[in-house]
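A quick write-up on the structure given underneath.
The values are calculated or read from the model by the stated rules, or taken from the named source; none is laboratory data. Note that the structure is a prediction, hence the values are computed from the model and not measured. Neighbour counts run over all protein chains shown; Cβ positions are idealised from the backbone, glycine included. Areas reflect the complete protein model, heavy atoms only, side chains present, ligands, DNA and RNA absent. Shrake-Rupley method; radii C 1.70, N 1.55, O 1.52, S 1.80 Å.
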Amino acid sequence: MGGRSIAALHEAVAQVAPERECIIWRDRRLSWGDVTERTRRLAHGLLDAGVGGTLRVVDHGWESPHDHVALLLTNGNEYLEAMLGCWKARAASVNVNYRYTADELVYVLIDCAATAIVYHARFAPVLDEALAQCPDLRLLVVVDDDSGVEPVSGSVEYEAWLASSSADRPHLAWDGDDRYVVYTGGTTGRPKGVLWRQDDFLHSALGVTGSMSEVADRAARPNRPRALPAPPFMHGAAHWNALSCWLAGGTVIVQRETDHLDAGDVLDTCERERASSLLIVGDAFARPLADELQRAPRDLSGLRLLMTGGAILSPTSKRQLLSLVPGLRILDVLGSSETGRHGVHSSDRDTEEESGIFVASDSTTVLDDERRRPLLPGSSAVGWLAQRGRVPLGYLGDRARTESTFPEIDGVVHAVAGDRAMLRADGRIELLGRESVTINTGGEKVHAEEVEQVLKDHPSVYDVLVVGRPSEQWGQEIVAVVAPTAGCEGLDHGAIAAHAGERLARFKLPKSYLEVAQIKRSASGKPDYSWARAIATADTAR
């Protein structure tokens with residue numbers, strides 16, 4: 001099919017603005033020319049190691065033609081360089097959650113059949129523990145992070161690796177059919193790789209339109225965006241924002257502290273670097289930022305746009321931020337890894353619109369309950385939020401889930417990620433929420449059943465349901481409703497938490513454990529999550 005590739009577009013922008021700042025992090029100010037050279041070197045480093053280059057022939061949307069390179073990194077120039085360098089080698093980068101335990105890391109590395117990994121030194125212990133189960137990994141590249149942690153044996157150092165590689169443009173035919181891969185926790189409790197054609201991804205997820213020359217012409221204009229994506233690049237929303245900024249000819253800014261949210265650091269960086277946009281994840285980011293601004297105001301006159309997605313941004317937080325930052329506009333973005341951008345909700349000081357109502361993109365629709373036909377505007381029926389046309393090809397290695405998530409309706413492929421919605425008479429989308437029991441806590445997706453299975457391995461836990469309840473800080477916080485094993489005199493919450501922490505990332509651990517005599521289930525054994533949520537919510541009122 002051909003079309004535009006991200007690698008080719010980035011090179012085209014670099015040609016028209018080689019001296020412009022491309023990425024800023026700490027004391028690093030890399031121009032577009034710098035990043036072009038460094039990513040070419042990275043591509044050659046991969047190719048020299050036998051990673052990338054010739055694509056495999058694939059017959060199905062759930063198959064990938066590329067070698068895959070895992071990225072176990074916090075934010076910084078290396079993360080975006082690695083993504084771009086992989087595409088220049090005609091390999092595909094794979095985002096990995098750096099909070100994973102060894103078992104969770106093994107699952108992703110095996111699922112994507114990663115042949116290389118780029119990692120920060122601080123993650124060497126968990127990678128070392130995982131390596132014995134990942135025989136396909138043949139290239140380990142370590143990024144020095146001043147942690148003092150010894151790298152895994154056999155690793156090559158990132159900067160030395162780049163310096164030893166060619167700076168020439170690789171002799172490869174980059175193509176819009178090359179894949180963009182993004183892993184998401186999804187609704188099954190196991191991360192899954194979503195496969196996009198890059199040209200479709202550019203259109204549906206990033207909103208990049210026009211030919212390569214048109215993109216370059218727009219990028220050559222002055223006053224290009226200066227974006228600070230505050231969440232980790234390991235999440236799609238953050239690196240989507242960075243790529244969008246780049247392909248508009250802009251500058252990506254990274255705050256100094258990248259392994260946790262430091263509201264003061266984010267705001268100081270916005271002020272110092274005159275960021276024009278800031279990406280956050282709901283109230284988990286908004287509340288600390290607002291509190292910090294109230295404590296110590298900054299000159300944020302350059303900040304025109306605050307974008308949020310992935311978690312709830314409450315009306316209270318919106319009002320606070322709009323009052324604290326004159327001239328700010330807030331854009332609440334509705335979308336997912338499987339669909340791209342569904343729509344937006346815009347707010348400023350002069351508008352007071354309903355929360356949860358989004359102006360739909362041209363390709364967004366709401367399907368009926370059977371997923372057979374689109375609902376008409378103004379229908380009172382609750383349906384499935386869907387994207388049609390330029391959607392992903394499938395889930396890596398998962399035919400069944402590909403066919404269920406990307407059905408063909410009236411000859412057009414749709415993407416149905418699992419959100420429930422209504423289509424208002426004026427064509428706007430009223431979002432009702434995810435049908436599944438996925439819990440969204442601070443922008444991280446956590447599936448209840450995965451946590452339940454780990455908790456049930458503890459001898460004092462007889463049965464358990466895991467649910468989310470409202471949290472001012474996190475949007476939702478995880479609560480475990482537990483029925484103890486007979487004869488157990490009270491649960492040792494600390495011991496259970498320690499047990500779970502050995503197999504689950506910290507963000508998946510319950511914030512609270514509530515004891516009940518028996519878990520309510522149907523006759524067939526199906527859990528009653530509504531009952532469990534009521535128990536969890538009632539506990540906050542005590």
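Would you be able to say whether some residue in the stretch 39-53 is closer than 27 Å to V208 by Cα and not in a helix (DSSP H, G or I)?
Yes - at least one qualifying residue is present in the stretch 39-53.
So, of the residues in the stretch 435-451 that are assigned to a helix (DSSP H, G or I) and open to solvent by 10 Å² or more (accessible area, probe 1.4 Å), which turns out to be modelled with the lowest pLDDT?
Looking at the filtered set, the residue picked out is E449.
Determine which member of the set S379, S337, S355 is farther than 28 Å from E271 by Cβ, within 20 Å of the chain's Cα centre (by Cα) and of a type outside the set (D, E, K, R).
So the residue among S379, S337, S355 that is farther than 28 Å from E271 by Cβ, within 20 Å of the chain's Cα centre (by Cα) and of a type outside the set (D, E, K, R) is S337.
Could you list, in sequence order, the residues of the stretch 224-236 that are within 24 Å of Y119 (Cα to Cα) and open to solvent by less than 30 Å² (accessible area, probe 1.4 Å)?
Within the stretch 224-236, L228, P229, A230, P231, P232, F233, M234, G236 meet the criteria.
Of the numbered conditions (1) of a type outside the set (A, V, I, L, M); (2) farther than 28 Å from E257 by Cβ; (3) in contact with a helix residue (DSSP H, G or I) (Cβ under 6 Å, 6 or more places away or on another chain); (4) outside any helix (DSSP H, G or I), C22 fails exactly one; give the number of that condition.
The number of the failed condition is (2).
Test L137 against the criterion of being in contact (Cβ under 8 Å) with a residue 24 or more places away in the chain, open to solvent by less than 30 Å² (accessible area, probe 1.4 Å) and in a helix (DSSP H, G or I), and give yes or no.
When the stated conditions are applied, L137 does not pass them.
If you go through the stretch 495-542, how many residues are modelled with pLDDT under 90, assigned to a helix (DSSP H, G or I) and open to solvent by less than 60 Å² (accessible area, probe 1.4 Å)?
3
Which residue pairs have Cβ atoms under 6 Å apart, sit 6 or more places apart or on different chains, and have a first residue in the stretch 248-273 that is without any contact (Cβ under 8 Å) to a residue 40 or more places away in the chain and a second that is of a type in the set (S, T, N, Q)?
Going by the 6 Å Cβ cut-off, the qualifying pairs are D265/Q255; V266/Q255.
In the stretch 453-494, which residues are open to solvent by 40 Å² or more (accessible area, probe 1.4 Å), among the acidic types (D, E) and without any contact (Cβ under 8 Å) to a residue 40 or more places away in the chain?
Passing the criteria: E489, D492.
Output the number of the condition that H239 fails; it satisfies all remaining conditions of (1) over 16 Å from the mean Cα position of the chain (by Cα); (2) open to solvent by less than 10 Å² (accessible area, probe 1.4 Å); (3) closer than 23 Å to L305 by Cβ.
The single condition H239 does not satisfy is (1).
Counting just the residues of the stretch 406-434 that are free of Cβ contacts under 8 Å to residues at least 60 places away in the same chain and charged (D, E, K, R), which one comes out least open to solvent (accessible area, probe 1.4 Å)?
The selected residue is R420.
When the stretch 75-107 is examined, which residues are found to be aromatic (F, W, Y), over 16 Å from the mean Cα position of the chain (by Cα) and either over 19 Å from L127 (Cβ atoms) or open to solvent by less than 10 Å² (accessible area, probe 1.4 Å) (or both)?
Scanning the stretch 75-107 gives a single hit, W87.
Taking the condition farther than 21 Å from A205 by Cβ and over 20 Å from the mean Cα position of the chain (by Cα), does T54 pass?
yes
Are any residues in the stretch 330-377 touching a Lys or Arg at 6+ places or on another chain (Cβ under 7 Å), open to solvent by 20 Å² or more (accessible area, probe 1.4 Å) and over 29 Å from L303 (Cβ atoms), and if so, which ones?
S363, P377 - these are the residues of the stretch 330-377 that are touching a Lys or Arg at 6+ places or on another chain (Cβ under 7 Å), open to solvent by 20 Å² or more (accessible area, probe 1.4 Å) and over 29 Å from L303 (Cβ atoms).
For every residue, the table says whether it meets (1) part of a loop (DSSP other than H, G, I, E, B); (2) open to solvent by 30 Å² or more (accessible area, probe 1.4 Å); (3) closer than 23 Å to A237 by Cα.
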{"position": "E129", "(1), (2), (3)": "no, yes, no"}
{"position": "Q133", "(1), (2), (3)": "yes, yes, no"}
{"position": "S153", "(1), (2), (3)": "yes, yes, no"}
{"position": "D175", "(1), (2), (3)": "yes, yes, no"}
{"position": "W196", "(1), (2), (3)": "no, no, yes"}
{"position": "G207", "(1), (2), (3)": "yes, yes, yes"}
